[in-house]
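Chemist: Have a look at this one.
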Amino acid sequence: MRGIAAAVVVFAVMVPGSVAWGTLISEGAGDLSNNGLAPSGPFVLTLGSNPVTGSYGAQGGVPDRDYFSFVVPVGYRLDQVLVGAGFTAGGSVSFIGIEVGPQVTVDPTSGSTGNLLGFALVGAGDIGTDILNQLGGPLGEGTYSVWIQETRQGVFPYEYRFQVAVIPEPGVAMVAVAVGGGLLGRRRR
């Protein structure tokens with residue numbers, strides 16, 4: 001098994017009037033794990049965009065599978081998984097799947113999706129597309145594991161952006177509905 005070191009950097013992006021936080025999951029410091037039962041991580045996702053970058057493909061007929069686990073903290077949810085601009089499919093499509101828990105227990109050679117919440121076959125035409133519904137989301141607090149794979153010969157870059165949002169307090173949502181309803185009522189009169 002190759003080294004499972006992966007760079008994790010927490011950063012802040014300053015936008016006038018707001019701060020967006022994110023965790024970078026990258027193969028910059030070493031390959032993500034090739035073993036679903038021992039994925040890299042867990043990486044704690046933070047508010048905002050959490051980029052996942054790496055490379056995959058097959059070399060000498062052996063596919064490079066990347067596995068990592070992540071945590072959605074209490075009070076947050078995973079709202080989107082966007083196919084990033086740095087994504088390249090080696091063939092017509094590449095594979096990404098998510099399973100609940102700290103491991104991916106599906107045997108990649110079985111032809112079964114087993115315990116996966118969901119999976120997506122992603123092509124170059126999907127750049128900028130949210131694929132989270134295909135992956136079983138949105139996802140609340142908890143630990144999840146991801147399997148990314150391309151079987152075509154060669155090495156190809158990938159990029160996904162895991163978008164995390166705060167779960168609104170029930171009272172805040174109810175106040176927003178009440179205020180909105182009150183404003184609509186006034187307009188009708």
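Chemist: Of the numbered conditions (1) within 20 Å of residue 152 (Cβ to Cβ); (2) open to solvent by less than 20 Å² (accessible area, probe 1.4 Å); (3) of a type outside the set (Gly, Ala, Ser), residue 104 satisfies every one except a single condition; which is it?
Modeler: It is condition (1) that residue 104 fails.
Chemist: Given the condition more than 21 Å from residue 30 (Cα to Cα), within 15 Å of the chain's Cα centre (by Cα), at pLDDT below 95 and open to solvent by less than 70 Å² (accessible area, probe 1.4 Å), answer yes or no: does some residue in the stretch 73-91 qualify?
Modeler: no
Chemist: So if I check each of 37, 24, which one is at pLDDT below 85 and either open to solvent by 20 Å² or more (accessible area, probe 1.4 Å) or not in a strand (DSSP E or B) (or both)?
Modeler: 24
Chemist: Residue under question is residue 32, and the condition is that it be modelled with pLDDT of 85 or more, in contact with a strand residue (DSSP E or B) (Cβ under 9 Å, 6 or more places away or on another chain) and closer than 19 Å to residue 132 by Cβ; does it hold?
Modeler: No, not satisfied.
Chemist: Go through (1) farther than 24 Å from residue 46 by Cβ; (2) modelled with pLDDT under 95; (3) open to solvent by less than 60 Å² (accessible area, probe 1.4 Å) and name the single condition residue 116 misses.
Modeler: The failed condition is (2).
Chemist: State which residue pairs qualify: first residue closer than 16 Å to residue 160 by Cα and inside the stretch 37-53, second residue of a type in the set (Lys, Arg) and buried (at least 19 other Cβ atoms within 10 Å of the Cβ) in any location, beta carbons under 8 Å apart, and separation of 6 or more residues or different chains.
Modeler: Note: pairs meeting the criteria are 49/161; 50/161; 51/161; 52/161.
Chemist: Which residues, taken from the stretch 149-189, are at pLDDT below 95, of a type in the set (A, V, I, L, M, F, W, C) and touching a strand residue (DSSP E or B) at 6+ places or on another chain (Cβ under 8 Å)?
Modeler: 155, 156, 167
Chemist: Still on this structure, I have one more. Looking at the stretch 63-72 only, could you name the residues that are touching a Ser or Thr at 6+ places or on another chain (Cβ under 8 Å) and not aliphatic (A, V, I, L, M)?
Modeler: Across the stretch 63-72, the qualifying residues are 63, 64, 66, 67, 68, 69, 70.
Chemist: Kindly establish whether residue 114 is small (Gly, Ala, Ser) and under 17 Å from residue 34 (Cβ atoms).
Modeler: So residue 114 fails the test.
Chemist: Take residues that are in contact (Cβ under 8 Å) with a residue 60 or more places away in the chain and within 16 Å of residue 51 (Cα to Cα) and tell me which of the strands (runs of 3 or more DSSP E) falling wholly in the stretch 84-178 contain 3 or more.
Modeler: 142-150, 156-166
The values are calculated or read from the model by the stated rules, or taken from the named source; none is laboratory data. Here the structure is a predicted model, which means the values were calculated and not measured. Heads up, the Cβs are rebuilt from the backbone with ideal geometry, glycines too, and the neighbour counts pull from every protein chain shown. Just the protein is used for accessible areas: all its heavy atoms, side chains included, with ligands, DNA and RNA removed. Shrake-Rupley method; radii C 1.70, N 1.55, O 1.52, S 1.80 Å.
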